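The values are calculated or read from the model by the stated rules, or taken from the named source; none is laboratory data. Everything numeric here is computed off the predicted structure, so don't read it as measured data. Don't worry about glycine lacking a Cβ; one is built from the backbone with ideal geometry, like all the others, and counts go over all protein chains shown. Accessible surface areas use protein heavy atoms only, side chains included; no ligands, DNA or RNA. Shrake-Rupley method; radii C 1.70, N 1.55, O 1.52, S 1.80 Å.
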Amino acid sequence: MEFHRFADVFPLMPDAELQALADDIRRNGLREPMITFEGKILDGRNRYRACNLAGVAAKFKCFTGTPLEALQLVWSENYLRRHLTSSQAAVASHKYEVLNAEIVEGERHAAKERQRKGGGDKRSAAARAAAAVRAEKSLGQRIDQPIRDQSKRTDAKLAAVTGTNRQY
């Protein structure tokens, strides 16, 4: 099964760790199913690979949210539980921001195209405004609150969230 491009925000597990996970799955079974989105694995690439190594049938559940919610799921499910180096955390943050900006821009373009074609947006003005606010909340904007006393620079904010320094 293919991996969703959002899953690539994080690196794959090294071979030794993958083998240890496969051994655990062989002994104890698969405890958490893989999550799919758009027909591809969104979360659980390492579990999927370990199941294949262990000869254990993979289990899946489908995520039905928006692309932005899918990207946020990948981030929230993986960032704190993965053992990332400073450089891996910095790369993951950058990949997240690039994908987030791409999704938000795509949603804006689609909304403009619907308006141009006369379809308009049938939601109330309040619902459209709330959706726009949710779409705009990138990682940098979400972290603004907890680190007000630090630099206003985006690189400093991202470094604080990822536990690395701003040069990364």
For R166, solvent-accessible area (1.4 Å; no DNA, RNA or ligand), Å²: 110
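Before I look further, what does region 1-121 give for accessible area per residue, probe 1.4 Å, in whole square angstrom? Could the numbers behind the result be given before it?
Values: 6940 Å² over 121 residues.
Result: 57 Å² per residue.
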For region 11-24, take each phi angle, set θ = phi - 60°, evaluate the Karplus expression 6.51 cos²θ - 1.76 cosθ + 1.60, and give the result in whole Hz per residue in order, putting x for glycine and proline. x, 6, 5, x, 4, 5, 5, 4, 5, 5, 5, 4, 4, 5
Testing the spin-label approximation: label points 7 Å from Cα along Cα→Cβ at R5 and F60. State their distance in nm. 1.9
Quotient of C-alpha Rg and 2.2 N^0.38 Å, computed over region 1-127: 1.29
Other residues with Cβ under 14 Å from the Cβ of R47 give, with Lys and Arg +1 and Asp and Glu -1, a net charge of +2
Pop a pseudo-label 7 angstrom from the Cα along the beta-carbon direction at both A101 and E69 and give the gap in nm to one decimal. 2.6
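Can you check what the net charge comes to around V56, using other residues whose Cβ is under 13 Å from the Cβ of V56 (Lys, Arg +1; Asp, Glu -1)? Show your work: numbers first, answer last.
On the way: positive: R26, R27, R31, R47, R49, K59; negative: D23, D24, E32.
So the surrounding residues net to +3.
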